[in-house]
């Protein structure tokens with residue numbers, strides 16, 4: 001577990017530094033996730049200590065969003081003045097994005113499966 | 001009381017308690033999507049803060065330890081992601097197409113709805129990047145002329161909306177494949193959507209984490225041009 005935790009923190013720290021140093025349009029944790037994925041794929045094995053600590057963190061991940069989420073209590077004046085366009089925009093665009101992503105992905109997967117009749121169809 | 005709140009104890013404790021209670025309720029509701037524990041725990045704590053008149057800054061400082069763990073948890077998404085790489089490679093083009101469609105439609109519909117309903121320029125620009133993860137969204141917002149602090153609140157609210165409505169909405173659309181469900185959640189509701197869908201299956205969580213990361217990149221590259229297109 002400890003080795004796994006150290007790996008996670010090291011990747012986040014390194015990625016944080018890179019993102020700040022080179023003004024990348026990515027956040028440290030997201031870049032760290034990408035780098036660790038590449039590292040794990042290149043290594044081609046699984047590390048039990050890392051898998052264990054990751055499972056614990058991912059299982060509890062929703063909890064970690066709560067402190068920031070309670071921040072909605074600090075409603076700015078802008079938010080109060082424009083609540084209708086904001087609410088409509090948030091709700092509408094979230095549903096549109098969900099539908100567009102899933103439908104386009106499903107459609108393209110189907111097209112590709114049809115174009116390659118010999119291969120196993122995508123799930 | 002003030003002295004007590006200057007330590008991580010009360011903040012972490014009330015947050016864990018609120019989450020534990022809401023997890024219980026979700027289990028009681030047999031995992032119904034609208035019983036999303038994050039949404040209800042946030043609501044519970046907002047009420048608690050309002051009733052006790054505790055300043056949000058004091059609560060956040062005390063609960064910061066939990067907030068900190070968001071970083072390592074995001075990096076930890078690499079583990080299921082690496083496991084899903086073979087499948088991911090097979091689904092490369094569907095994913096690329098889905099990500100482009102999702103990011104483009106999320107930003108366009110957010111800008112369009114805000115503009116039509118009369119939001120000011122700065123509010124509209126703060127709304128534009130709200131589907132991507134908080135630090136990236138705040139950076140984009142600043143770059144295109146929005147208000148980063150307003151964007152932060154909008155991003156979290158989007159995440160809650162996506163986590164609550166997402167799984168239900170995808171059911172309505174008949175999308176049951178975990179790879180499609182995960183990708184859609186990651187595009188539309190960033191980390192909060194990812195954390196929620198991971199509880200459904202680690203496979204969906206892996207695709208959601210990937211979609212969240214790539215969406216941050218795509219939206220960051222796409223939005224400046226899109227803002228010009230909308231004449232903002």
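The values are calculated or read from the model by the stated rules, or taken from the named source; none is laboratory data. Fair warning: this is a prediction, and the values are worked out from it, not measured in the lab. Cβ placement follows ideal geometry from the backbone for every residue including glycine, while neighbour counts extend to all protein chains displayed.
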Exercise. Does residue B:126 fit the bill of being touching a helix residue (DSSP H, G or I) at 6+ places or on another chain (Cβ under 6 Å), within 9 Å of another protein chain (Cβ to nearest Cβ) and more than 21 Å from residue A:62 (Cα to Cα)?
Worked result: yes
Seminar exercise, completed: Residues in region B:176-212 that are without any contact (Cβ under 8 Å) to a residue 12 or more places away in the chain and more than 12 Å from residue A:61 (Cβ to Cβ) total 2
Problem set entry | Every residue from region B:57-70 that is more than 11 Å from residue B:11 (Cβ to Cβ) and either surrounded by 15 or more Cβ atoms within 10 Å (Cβ to Cβ) or facing chain A (nearest Cβ under 7 Å) (or both) | B:69, B:70
Exercise. Which of the residues belonging to region B:193-217 are surrounded by fewer than 24 Cβ atoms within 10 Å (Cβ to Cβ) and more than 10 Å from chain A (Cβ to nearest Cβ)?
Worked result: B:200, B:201, B:203
Exercise. Residue B:190 versus (1) part of a helix (DSSP H, G or I); (2) surrounded by fewer than 24 Cβ atoms within 10 Å (Cβ to Cβ); (3) more than 9 Å from chain A (Cβ to nearest Cβ): which is the lone unmet condition?
Worked result: (2)
Exercise. Since residue B:172 meets every condition but one in (1) touching a helix residue (DSSP H, G or I) at 6+ places or on another chain (Cβ under 8 Å); (2) more than 18 Å from residue B:216 (Cα to Cα), which condition does it not meet?
Worked result: (1)
Exercise. In region B:113-123, which residue that is assigned to a helix (DSSP H, G or I) and in contact with a helix residue (DSSP H, G or I) (Cβ under 7 Å, 6 or more places away or on another chain) is surrounded by the fewest Cβ atoms within 10 Å (Cβ to Cβ)?
Worked result: B:115
For this session: Kindly establish whether residue A:31 is in a helix (DSSP H, G or I) and at the interface with chain B (Cβ under 7 Å from one of its Cβ atoms).
Result: no
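Of all residues in region B:46-105, count the ones that are more than 30 Å from residue A:49 (Cα to Cα) and either assigned by TED's automatic domain parsing to the domain that holds residue B:187 or out of contact with any helix residue (DSSP H, G or I) (no Cβ under 9 Å at 6 or more places or on another chain) (or both).
Number of matching residues: 18.
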For this session: Would you mention how many residues in region B:131-145 are more than 7 Å from chain A (Cβ to nearest Cβ), farther than 11 Å from residue B:227 by Cα and assigned to a loop (DSSP other than H, G, I, E, B)?
Result: 1
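So that you can scan it fast, the table gives a plain yes or no per residue for (1) within 7 Å of chain B (Cβ to nearest Cβ); (2) assigned to a helix (DSSP H, G or I); (3) surrounded by 15 or more Cβ atoms within 10 Å (Cβ to Cβ); (4) on the phi > 0 side of the Ramachandran plot:
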site: A:18; (1), (2), (3), (4): no, yes, yes, no
site: A:26; (1), (2), (3), (4): yes, no, yes, no
site: A:35; (1), (2), (3), (4): no, yes, yes, no
site: A:54; (1), (2), (3), (4): yes, yes, yes, no
site: A:58; (1), (2), (3), (4): yes, yes, yes, no
site: A:61; (1), (2), (3), (4): yes, yes, yes, no
site: A:69; (1), (2), (3), (4): yes, yes, yes, no
site: A:72; (1), (2), (3), (4): yes, yes, yes, no
site: A:104; (1), (2), (3), (4): yes, yes, yes, no
For this session: Could you tell me whether any residue of region B:163-182 is surrounded by fewer than 24 Cβ atoms within 10 Å (Cβ to Cβ), under 12 Å from the mean Cα position of the chain (by Cα), within 22 Å of residue B:67 (Cα to Cα) and outside the structural domain of residue B:39 (by TED's automatic domain parsing)?
Result: yes
